[in-house]
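One structure below.
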Amino acid sequence: MSTAERNPASAPLDPALRETIATFLRESETPRAAGIDALKAVQKRHGHVSDDHLAEVAALLGMTPAELDGVATFYNLIFRRPVGRHVILLCDSVACWVMGATAARNLLRQRLGIEPGETTPDGRFTLLPIVCLGCCDRAPAMMIGDDLHGNLTPERIDTILEQYR
């Protein structure tokens with residue numbers, strides 16, 4: 001997720017974002033197919049997809065909010081509630097678990113002072129589990145934004161966190 005300054009979640013979608021969503025719709029076979037890209041664009045701009053934005057995107061795509069919410073909740077990288085500026089996705093797949101994901105999770109909980117699913121009080125970090133990041137050869141692994149970090153050790157985790165503070 002982008003660390004760029006975000007617009008308030010209650011603000012209507014701006015004309016440029018509305019045009020981007022219209023382009024996704026024109027280039028997709030179905031409105032549902034345009035849904036993920038549209039939701040990602042909203043999230044990139046606003047930090048998460050609020051109920052108001054979901055309803056607005058659904059109207060632009062010719063879908064009901066319930067239909068689009070089904071798309072949003074199926075895709076685990078669309079955030080339907082506010083998250084921190086940096087979302088830490090900690091892999092909890094079997095390979096990562098065997099290679100030390102539990103210790104990595106415990107260290108992140110300690111360093112950040114939060115549990116999985118929570119956001120730090122300063123709004124900087126949200127810690128979330130994810131089923132698989134697809135880098136089992138570098139287990140345990142986590143992703144922060146678009147940055148993949150593998151072979152996690154306590155020292156490496158501390159160094160990585162400092163990069164995002």
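Any read-out appearing in this document is the output of simple, stated calculations on the displayed coordinates, not a laboratory observation. All figures in this text were calculated on a predicted structure; none of them were measured in a lab. Cβ placement follows ideal geometry from the backbone for every residue including glycine, while neighbour counts extend to all protein chains displayed.
Listed as lacking a disulfide-compatible partner in the chain: CYS132, CYS135, CYS136, by the criterion of no other cysteine Cβ under 4.7 Å. For chymotrypsin sites (Phe, Trp or Tyr not before Pro), the sites in the range 17-95 that DSSP calls loop and that have at most 16 other Cβ atoms within 10 Å are TYR75. Since only LEU148, TYR75, ALA38 are under comparison, the one whose Cα sits farthest along the positive direction of the charge dipole of the chain, derived from C-beta charges on Lys, Arg, Asp and Glu, is LEU148. For the range 86-163, the antiparallel share of DSSP beta bridges with both residues in that region comes to about 55%.
When the range 86-163 is described by a simple charge dipole with +1 on each Lys and Arg Cβ and -1 on each Asp and Glu Cβ, the residue from ALA139, GLN163, LEU128 located farthest towards its positive end is ALA139.
When only alpha carbons are used to place a centre, the range 21-59 and the range 136-158 end up 30 Å from one another.
Rounded to the nearest 500, the helix-only mean residue ellipticity at 222 nm of the chain stands at -14000 deg cm²/dmol, with each DSSP H run of n ≥ 4 adding -39,500 (n - 2.57). When the charge dipole of the range 26-165 is built from unit charges on Cβ atoms (+1 for Lys and Arg, -1 for Asp and Glu) and taken about the Cα centre, the candidate among LEU108, PRO65, HIS53 whose Cα reaches farthest toward its positive end is LEU108. For the chain, the Cβ-based charge dipole about the Cα centre amounts to some 260 debye (Lys, Arg positive; Asp, Glu negative; other atoms uncharged). For the chain, set up a GNM with springs between Cα atoms under 10 Å and report which of GLY117, GLY100, GLY84 has the largest fluctuation. Evaluated over the chain, the most mobile residue of the options is GLY117. Just check the range 91-152 against the gyration tensor rule for me: Cα atoms, a ≥ b ≥ c as the square roots of the eigenvalues, rounded for a/c under 1.5, and otherwise prolate or oblate depending on whether a/b exceeds b/c. Cα axes put the range 91-152 in the prolate bin. Taking 0.36 nm per residue of sequence separation and removing the Cα-Cα distance, the ALA22/ASP37 pair yields an extension gain of 4.3 nm.
Here the range 86-163 is treated with +1 on each Lys and Arg Cβ and -1 on each Asp and Glu Cβ, and its dipole about the Cα centre works out to around 140 debye.
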